[in-house]
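The structure under discussion appears below in the form of structure tokens.
The values are calculated or read from the model by the stated rules, or taken from the named source; none is laboratory data. Just so we're clear, the structure is a prediction, and the values are computed from it rather than from any experiment. Cβ coordinates were reconstructed from backbone atoms using ideal geometry, including for glycine residues, and neighbour counts include every protein chain displayed.
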């Protein structure tokens, strides 16, 4: 004998699936754009998880973790997800993975100093770094052997200081590497000691040269590539005339250039200022520079949005 719930409680009704007037197949297709834009590796699920957190909580957590390079590279991830720019979010995750070898080099150096502080105390544990090695994309990382197999990759693996633009800045502001005072520096991720450099000029000139020596060209190109989806969407999602699309593209170009330039400069300068005194302070300095750059970039974006 079968007993139905409604026999005991007439207010309770079990909805019959066959009474559903909307076909399931149709419900799954009502938003084809969202479905089509979802990357195969589950960024929509990530978007749902991020949406559960309060916006201020997200930013506070990211700012607190900014000394960790990998977390710092994802500082604009909530903004990308909030704007439904999942393509850019995917590129941010990819860039964080691509930069992990270099980030690991810096985190491991800071971690070793931290363990030394625990063992010897703060005064004896902190290690100064008077010489800075060239912080290109692959040098001093566990992926450096790859550049020996591909000569074209080795040619690209340099910092902004060693480019034509860097040479122009050196001549213009009378700054650069002090080749009379060099030493070998052993990184924790490389079996081969690297050339360590000091820099000429006053404190400002030295900081500028040291900062340029911390900006890998490959990383800079990757940062610029991340902004391509936003530039593309500024044109395709703007309705109106060609003039309207061009104006939207120009505004987004200012935003993208501002973010890449400010974040790159902020991280490099923050690290250049504090790394000579401690590897841990260098990580903290890069984190502070990243947060400051993000705040200024957001302020710039608001001003750009006000443009007619």
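Points worth noting:
- Among the residues making up segment 148-168, those that are in a helix (DSSP H, G or I) and at pLDDT 90 or above are 160, 161, 162, 164, 165, 166, 167, 168.
- Scanning segment 169-194 for residues that are closer than 27 Å to residue 263 by Cβ and at pLDDT below 90 returns 185, 187, 188, 189, 190, 194.
- Selection of segment 218-227 for residues being assigned to a helix (DSSP H, G or I) and either in contact (Cβ under 8 Å) with a residue 24 or more places away in the chain or touching a helix residue (DSSP H, G or I) at 6+ places or on another chain (Cβ under 8 Å) (or both) yields 218, 219, 220, 222, 223, 224, 225, 226.
- Against the numbered list (1) modelled with pLDDT under 90; (2) crowded, with 17+ Cβ neighbours inside 10 Å, residue 224 comes up short only at (2).
- Of the residues making up segment 192-217, those that are surrounded by 18 or more Cβ atoms within 10 Å (Cβ to Cβ) and assigned to a helix (DSSP H, G or I) are 206, 207, 208, 209, 210, 211, 212, 217.
- Positions within segment 108-133 being under 20 Å from the mean Cα position of the chain (by Cα) and at pLDDT 85 or above, in sequence order: 110
- Residues of segment 272-297 that are more than 24 Å from residue 105 (Cα to Cα), in contact (Cβ under 8 Å) with a residue 24 or more places away in the chain and either surrounded by fewer than 18 Cβ atoms within 10 Å (Cβ to Cβ) or over 19 Å from the mean Cα position of the chain (by Cα) (or both): 296 alone.
- Checking each residue in segment 70-99 for being closer than 17 Å to residue 282 by Cα and either surrounded by fewer than 20 Cβ atoms within 10 Å (Cβ to Cβ) or at pLDDT 75 or above (or both) picks out 70, 71.
- In segment 238-247 there is no residue matching the filter, namely being touching a residue at least 12 places away in the same chain (Cβ under 8 Å) and either assigned to a helix (DSSP H, G or I) or within 20 Å of the chain's Cα centre (by Cα) (or both).
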